[in-house]
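Trainee: Dumping the structure here so I can ask a few things about it.
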Amino acid sequence: MKQKMVVLSGAGISAESGIKTFRDSGGLWEGHDVMEVASPQGWARNPELVLDFYNQRRKQARNCKPNGAHHALVELEREFDVHIITQNVDNLHEKAGSSKVLHLHGELFKAQSSLDPKLIYDLSIIDINLGDKCERGSQLRPNVVWFGEPVFAMDPAIEITRKADLFLVIGTSLQVYPAASLIDFVPKSKPIYLIDPQPITTYNRQNVIQIQDKAVNGMERFKSILNKR
Ligand code: APR
């Protein structure tokens with residue numbers, strides 16, 4: 001049976017595809033305060049601005065291609081049972097061809113009801129506009145988990161993390177909870193590999209191997225470490 005490789009990815013894996021990370025841009029996300037465009041309060045204040053913001057993100061992401069790091073994760077499926085848990089709302093893991101991708105913070109190319117977050121619709125490339133309604137008659141909003149909202153996918157993410165034979169963290173600052181707490185569920189005897197150009201704090205966690213590099217090159221180094229095991 002193949003070993004289970006569980007991967008937690010964040011904005012950094014998509015950086016070399018041209019999608020900006022959050023915390024590298026001085027607290028502003030594409031020129032906006034994150035609370036303005038990524039919180040229930042921001043949505044209540046100005047839904048039009050929020051819809052427009054995500055419509056633009058969708059247009060931008062539509063033209064982005066997966067990079068070598070996304071592709072490397074697909075190749076690893078030959079040898080490992082790879083489960084990707086991503087904080088990203090882009091679809092670059094899917095575009096590359098990864099078969100098991102769990103989106104912790106929702107998906108840019110989906111819409112959700114503003115009344116019932118479980119009502120989710122495929123969006124392909126179209127915009128969401130004011131007046132677009134769900135089947136229960138409420139305004140559609142982006143299927144993105146905003147600050148202060150529950151992360152429904154945490155339970156399945158924890159379940160798979162508990163079964164990991166090895167855990168890879170790539171391109172995340174591990175500053176946003178509950179996503180960052182997943183490393184606490186990796187069995188203590190199993191290794192955690194961490195690819196990021198910056199040193200990332202993992203507190204007292206043992207068995208952490210840091211590969212201080214960008215995603216594409218870091219994945220090459222990770223693969224050669226695996227080959228030498
Ligand atoms: N390759 C790999 N990592 C990179 C690269 C690169 N080319 N460029 C930057 N990074 C790293 C940064 O050093 C940083 O550690 O990617 C990380 C990005 O961190 P954040 O911007 O904090 O993104 P992320 O951890 O995914 O944010 C988590 O916060 O805003 C919310 O919901 C949003 O899902 C997001 C969550």
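The values are calculated or read from the model by the stated rules, or taken from the named source; none is laboratory data. Quantities reported herein were computed from a predicted structural model and do not represent experimental measurements. Methodologically, a virtual Cβ is constructed for each residue, glycine included, from the backbone with ideal geometry; neighbour enumeration extends over all protein chains shown. Ligands, DNA and RNA are excluded from the accessible area calculation, which covers all protein heavy atoms including side chains. Shrake-Rupley method; radii C 1.70, N 1.55, O 1.52, S 1.80 Å.
Trainee: Starting with the highest mean, order 99-110, 41-52 by the number of other Cβ atoms within 10 Å, averaged over the residues of each peptide. Intermediate results must be reported in sequence, preceding the final value.
Mentor: On the way: 99-110: 19.2, 41-52: 15.4.
Ranking the peptides 99-110, 41-52 by packing returns 99-110, 41-52.
Trainee: Still on this model: Suppose we keep just the DSSP beta bridges with both residues in region 120-229; what percent of those would be antiparallel, to 5? Each step should come with its number before you reach the end.
Mentor: Numbers: 1 of 9 bridges.
If I count the DSSP bridges inside region 120-229, around 10 percent turn out antiparallel.
Trainee: Using a 10 Å cut-off on Cβ atoms, rank the peptides 198-209, 112-123, 162-173 from the highest mean neighbour count down.
Mentor: In decreasing order of mean packing, 198-209, 112-123, 162-173 become 162-173, 112-123, 198-209.
Trainee: Per 0.36 nm of contour for each residue apart, how much would the distance between D127 and K65 grow if the chain were fully extended, relative to their Cα-Cα spacing? Each step should come with its number before you reach the end.
Mentor: On the way: separation 62, 0.36 × 62 = 22.32 nm, distance 2.01 nm.
Extra length available between D127 and K65 comes to 20.3 nm.
Trainee: Contact order normalised by length for the chain, with contacts defined as Cα pairs under 8 Å and 6 or more residues apart; what percent is it? Provide the component values of the computation, followed by the final result.
Mentor: On the way: 411 pairs, mean separation 52.0, N = 229.
Relative CO of the chain lands at 23 percent.
Trainee: Within region 158-202, find all residues whose amide N lies under 11 Å from a label point positioned 7 Å from the Cα of L226 along Cα-to-beta-carbon.
Mentor: Residues passing the 11 Å test: 166-168.
Trainee: If the chain between L102 and I209 were fully stretched, how many nm would it gain, using 0.36 nm times the residue separation less the Cα-Cα distance? Intermediate values should be presented prior to the final figure.
Mentor: Working: separation 107, 0.36 × 107 = 38.52 nm, distance 2.39 nm.
Result for the pair: 36.1 nm of gain on full extension.
Trainee: Keeping all protein chains in place, calculate the accessible area per residue for the chain (probe 1.4 angstrom), answer in Å².
Mentor: For the chain, the solvent-accessible area averages 50 Å² per residue.
Trainee: Straight-line reach from K4: which lysines fall under 20 Å, measuring Cα to Cα and dropping same-chain residues less than 8 apart?
Mentor: Correct list for K4: K100, K163, K188, K190, K223, K228.
Trainee: Would you check the accessible area of D132, probe 1.4 Å, heavy atoms only, in square angstrom rounded to 10?
Mentor: Roll a 1.4 Å probe over it and D132 shows about 50 Å².
Trainee: Got a number for carbon plus sulfur as a percent of region 131-229's accessible area, 1.4 Å probe? Spell out each step's value before the answer.
Mentor: Working: 2500 of 5190 Å².
It is 48 percent, rounded to a whole number.
Trainee: Under a straight-distance cross-link criterion of Cα-Cα below 27 Å, which lysines are reachable from K133, leaving out those fewer than 8 residues away in the same chain?
Mentor: List returned: K59, K110, K118.
Trainee: Could you look at region 17-117 and say what percent of its accessible area is carbon and sulfur, using a 1.4 Å probe and all protein chains? Write out the running numbers ahead of the final one.
Mentor: On the way: 2310 of 4590 Å².
Exposed carbon and sulfur together represent 50 percent of the surface.
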